[in-house]
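None of the figures in this text is laboratory data; all of them are computed from the coordinates on show. Model, not experiment: these values are computed from the prediction. Glycine also receives a Cβ, built like all others from the backbone with ideal geometry; neighbour counts cover every protein chain displayed.
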Amino acid sequence: MKEIILNHPMITHKLSILRDKNTGTKKFKELISEISMILCYEATKDAIMHDITINTPLEKLKTKYIDEDDYAFVPILRAGMSMVDGILKVMPNAKIGHIGLYRNEETLEPVEYYYKMPSNIESREVFILDPMLATGGSALATIKKLKKDGVKKIKFLCIIASPEGIENIKREFDDVEIYCASKDRCLNEKGYILPGLGDAGDRVYGTK
Ligand code: PRP
Ligand code: URA
């Protein structure tokens, strides 16, 4: 199973601001968006390329292009929506599916409340978007739904992953690639990532 961690001074710098509890909603959202854009570049390193012939002002050129229709992006509501902005900067015509999940605060089990995917989802490569991969429960529930719908290639893009979350995905779905900006130390007893950034959804939407 492929596990890619963005390893770059600019990412470390941006994460330092993002993690800071004094960083406000506006900056927080901007940083999630910027890092998501970079995650998207990284996750499309092996993109399917199609042949095309174009005319430069000087000559004919046989070149390659990416068909955005080959892909679908699936943010896990709510916090995952904050990553869509950055993704659309890279793939402006991206098809977006939505899955609504929240973690039951006692059991930490994901509870589904919404599921709507673009047409022909089974023939697209799907990138799941969620800033936080903690226990992996939300990620696993999403992967299971997509696989049931016939999706064959899935990548999971997150800002911060816990070692436990990565292991849990690896154990069940060895074929799903994980891209994250940071793999943090561990989970605390309430299922929060340490050092982490707190509750991503609350910080994006200012709900606490
Ligand atoms: C957060 C986060 C993930 C989930 C990660 O969402 O955005 O979806 O927790 O935890 P897990 O790996 O243990 O499942 P939350 O359930 O707080 O919902 P929200 O996005 O609506 O705030
Ligand atoms: N969800 C979050 O938003 N933050 C965590 O640290 C864990 C789950």
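Side notes on the structure shown:
- Partners for K62 among lysines (Cα-Cα distance below 29 Å; same-chain residues under 8 apart left out): K45, K89, K95, K153
- Residue pairs, from the table K26/K170; K148/K183; K14/K170; K64/K148; K21/K183; K145/K170, whose Cα atoms sit over 23 Å apart: K26/K170; K148/K183; K14/K170; K64/K148
- Cα-derived Rg to Rh of the stretch 1-153, Kirkwood definition: 1.02
- You can think of it this way: the chain between Y115 and T63 has 15.0 nm of extra reach, that is 0.36 nm per residue less the Cα-Cα gap.
- Efficiency of FRET between L108 and R171 - r from beta-carbon atoms, R0 22 angstrom, step 0.05: 0.85
- Shown for M81, M49: other C-beta atoms within 10 Å of each C-beta, ranked fewest to most, produce the order M49, M81.
- Extension gain, K152 to N22, is 42.7 nm, computed as 0.36 nm per intervening residue step minus the present C-alpha separation.
- In this structure, E3 and M49 have a Cβ-Cβ separation that, at R0 = 22 Å, corresponds to a calculated FRET efficiency of about 0.35.
- Applying a length cut-off of 18 Å (Cα extent along the axis) and a mean Kyte-Doolittle floor of 0.5 to the DSSP H helices of the chain leaves no helix.
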